[in-house]
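To start, the structure under review is shown below, and the notes come after it.
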Number of protein chains: 2
Amino acid sequence: MPRIVMKFGGTSMAGIERIRSVAARVRREAEAGNQVLVVVSAMAGETDRLVQLCREAAALHDPTEYDVVVASGEQVTAGLLAMTLQGMGVNARSFMGWQLVRASGVHGNARVEAVEGATLDEALRNGTVAVIPGFQGVSDDGRLATLGRGGSDTSAVAIAAGLKADRCDIYTDVDGVYTTDPRIVPRARKLTQVTFEEMLELAGVGAKVLQVRSVGLAMREKLPLRVLSAFEDLPGTDIVAELSGANMERNEIAGIAADRNEARITLTGVPDKPGTVAQVIAPLAEAGLSLDMIVHAATPNTGSSDLTFTVPRASLSQAMAVIEQRKGEIGYAELIHDDAVAKVSIVGVGIRSNPQLAARMFDVLAERQINLHAVSTSEIKVSALIAESELDLAVRMLHSAFGLDAEQSA
Amino acid sequence: MPRIVMKFGGTSMAGIERIRSVAARVRREAEAGNQVLVVVSAMAGETDRLVQLCREAAALHDPTEYDVVVASGEQVTAGLLAMTLQGMGVNARSFMGWQLVRASGVHGNARVEAVEGATLDEALRNGTVAVIPGFQGVSDDGRLATLGRGGSDTSAVAIAAGLKADRCDIYTDVDGVYTTDPRIVPRARKLTQVTFEEMLELAGVGAKVLQVRSVGLAMREKLPLRVLSAFEDLPGTDIVAELSGANMERNEIAGIAADRNEARITLTGVPDKPGTVAQVIAPLAEAGLSLDMIVHAATPNTGSSDLTFTVPRASLSQAMAVIEQRKGEIGYAELIHDDAVAKVSIVGVGIRSNPQLAARMFDVLAERQINLHAVSTSEIKVSALIAESELDLAVRMLHSAFGLDAEQSA
């Protein structure tokens, strides 16, 4: 008998009417002969309300007590969904995070360590639908621990892996993973399949469908995910280890990602000698700042070079301050910053085997006179840093050039 | 080092500002050298909101899932109070009901079975203020269980008894136990001491200061209680096993209780033979109806008698139906009911040793031509059933006659 995990987000749990339609979907899966575990978020807005209460209670609050407060939201929806299912004649019960999920690490941002699945396994075999509050577990010292915002996705994947589920279905506000942001390209197309790696790149650069951690976990556990609309009865997107069937034939590029959360810093006239880059980057890393694209270009025979990198836009002034403090040590000429930049990326497993794809990308951008501030590449992604004002144009051009527009799809 | 439990109700926990003033009181007790446990209710209105959600989810909901939902309210306030205390520099942490309180019996209305106090005891000895959500524990099968509405008082007393606290202070909307309802008698006086038995009688007949179960538990555990205002810094009322000091000299009557929740049923012409009363009462008890005052008076030499008793007003029509169904069996002439009755009682440990007190009560009522429908007495209480329209007058007269008015107090 197939075993599936169904995960519902806060919008799907916002109020009894919506909980009732969630229950109807759960019943359908149970009646279709599946063993069903359901992982739920708190009602939309509830976690924000609880976080706000914590902030008011004490500016610097203890994360352990924060966990006690915010974990309550999912407890409520789990109980409500279990009783709604029972009211519809489904054999269901709730299990609490502290009865099942062992978490470790920092309170308020814990990691799932293990899922104690024996009771749950027995319940599932007896035909009981198990309803579990997402986002939480119990720490080594027996206290409530939460997994960080959006942690219900990770709970669902960890529970699915721990209980050896065949699949984990994530019901959400969007009905799947798209080739790009449909607000930028109305002809964006829903993907029927995407690989874990592609999903990580698409999520990491802006497609906020799933918590990135949960995708990484599913990839390690080889657990197929499916992203579906919580509100409409539409096919979703499967997130898988290897593309299969018709998808093996798909365009080499899965999608175009757009990310406005970038700011560029350039140091000119940096001494062109070993260790310079490290001298700049080490203090930034120490300050907890994550750098993304890094370009280091020496001007031949001058002994000096330019160093460019990007940081999240919110960290720009902090990063500038760190570098200014080290001006003497580093010895740069000028410190330039620009927060009107954006990153456009092509993502797809095909990039690995086809260097022509990167070349085509640069051609398309060059045709439109779009200037590149920096470029970075990985096995399945090529990114270019451009002016933010040119981002939408770039995304539309690339989407079309790589054959992703809806009408042109195979 | 004295160990005390402080219990705060929902009104005291309604919002961060109020939680802050609760924290200030807790800090004061901790700084005065006490080991302090705090038991908290949910924010005022929160439990009602959660109960309403359960009702909407399923008309006949599973009490186990109900417990999961409603237990969340106290979890939130416990976490918030712990972090507020920490923010004020007090060493504090929360403990959850499922970490401490073993409960048994019916979900939604469970009883406290035991308090696992080892961790708590250690924390208290180390100077940590322990904050515990009231109203909940964990059942034998490891699931959340709640203690029934108002159960936080019972939690507080059970935890105080389990941890061998010296005292349990109940902070509430009223600032103590009064000689009678101040809305009826503005000159009602706050008692400095009252015995457990008196408190049970005063609570049972209408003085809704404390959950009755919690008083019974404190009496069995010989745990002194104190009722105090959560909002003003006033002396409260001590609830004790034996009156002491100046209170030993107090008037023989502790207070006058008024109860409007009464309805009278009279069966006339009931055969005057053994077993008749049982024949009436047994089916009512089977139907779950609790009878209060029962008067059975035979008219000599007629072979027939009248039977009068009271039931809670909301149960009147159900009780009438049960009796009408048995008319043949019982063989009464007429079935009369009256829901415009009320019960006035004098309560005090002195009644035990002084039969003159009951006599004085009847004198006072007779002077004002107040007709008595029924009378019942216990060791520490004498009650009379009168017309509801005469209740306020009766309470005022008795309050004054027994020397309870504020200006006349010793």
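The values are calculated or read from the model by the stated rules, or taken from the named source; none is laboratory data. Just so you know, these numbers come straight off a predicted model, no measurement behind them. Here Cβ is always computed from backbone atoms with ideal geometry, including for glycine, and neighbour counts include all displayed protein chains. The accessibility values were calculated without ligands, DNA or RNA, using every heavy atom of the protein model including side chains. Shrake-Rupley method; radii C 1.70, N 1.55, O 1.52, S 1.80 Å.
For B:Lys343, a cut-off of 16 angstrom between C-alpha atoms picks up these aspartates and glutamates, skipping any fewer than 8 places away in its own chain: B:Asp181, B:Glu201, B:Asp259, B:Glu262, B:Asp292, B:Glu388, B:Glu390, B:Asp392.
The calculated 222 nm mean residue ellipticity attributable to helices in chain A amounts to -10500 deg cm²/dmol, summing -39500 (n - 2.57) over DSSP H runs of n ≥ 4 and dividing by all residues. The modelled label-to-label distance for the pair A:Thr11/A:Asp233, using points 7 Å beyond Cα in the direction of Cβ, is 2.0 nm. Give the lysines whose C-alpha is closer than 25 Å to that of A:Lys327, dropping any in the same chain fewer than 8 places away, or say none. Counting by Cα, and skipping residues close in sequence, A:Lys327 has these lysines nearby: A:Lys273.
Once the partner protein chains are put back, region A:1-24 shows a loss of at least 20 square angstrom of accessible area, versus the chain by itself, at A:Ile16, A:Arg20 (probe 1.4 Å, ligands and nucleic acids excluded). In the context of the full set of protein chains, residues of region A:256-408 present 46 Å² of accessible surface per residue (probe radius 1.4 Å, heavy atoms only). For region B:344-410 versus region B:149-222, the spacing of their alpha-carbon centroids is 22 Å. Does region A:137-294 come out rounded, prolate or oblate, given a ≥ b ≥ c as the square roots of the eigenvalues of its C-alpha gyration tensor, rounded meaning a/c under 1.5 and, failing that, prolate meaning a/b above b/c? Oblate shape, in that a/c is at least 1.5 and b/c is the bigger or equal ratio.
Across region B:3-172, the relative contact order, built from alpha-carbon pairs under 8 Å that are at least six residues apart, equals 30 percent. What the Cβ-Cβ distance of B:Ala246 and B:Ala32 gives, at R0 = 25 Å and to the nearest 0.05, is a FRET efficiency of 0.55. Here the contact order of chain A, divided by its residue count and restricted to Cα pairs under 8 Å and six or more residues apart, works out to 13 percent. In the context of the full set of protein chains, region B:3-172 has a per residue accessible area of 33 Å² (1.4 Å probe). Only protein heavy atoms count here; under a 1.4 Å probe, A:Asp62 has an accessible surface of about 40 Å².
Extending 7 Å from the Cα toward the beta-carbon at both B:Val375 and A:Gln318 defines two label points whose distance is 8.1 nm. Ignoring any ligand, DNA or RNA, what whole percent of the accessible area of region B:29-140 comes from carbon and sulfur when the probe is 1.4 angstrom? After summing per-atom areas, the C and S share lands at 46 percent.
Using a 1.4 Å probe over the heavy atoms of the protein chains, calculate the carbon and sulfur portion of the accessible area of region A:184-322 as a whole percent. Of all accessible area on region A:184-322, carbon and sulfur atoms account for 54 percent.
For a straight C-alpha distance cut-off of 26 angstrom, the lysines reachable from A:Lys222 (same-chain residues fewer than eight places away being disregarded) are A:Lys7, A:Lys164, A:Lys190, A:Lys208, A:Lys381.
Placing a label point 7 Å from the Cα of B:Thr119 along the Cα-to-Cβ line, the residues of region A:128-148 whose backbone N sits under 15 Å from it are A:137-146. Between the beta carbons of B:Ser353 and B:Glu286, assuming R0 = 51 Å, the FRET efficiency works out to 0.85 to the nearest 0.05. Taking a ≥ b ≥ c as the square roots of the eigenvalues of the alpha-carbon gyration tensor, region B:3-172 is classed oblate because a/c is 1.5 or more while a/b is no larger than b/c. In terms of its alpha-carbon gyration tensor, region B:256-404 comes out prolate; a/c meets the 1.5 threshold, and the first ratio a/b outweighs b/c.
Inter-part distance, region A:280-300 to region B:110-136, computed on C-alpha centroids, equals 52 Å. Once A binds B, the 1.4 Å probe can no longer reach about 3000 Å² of accessible area, counting both sides.
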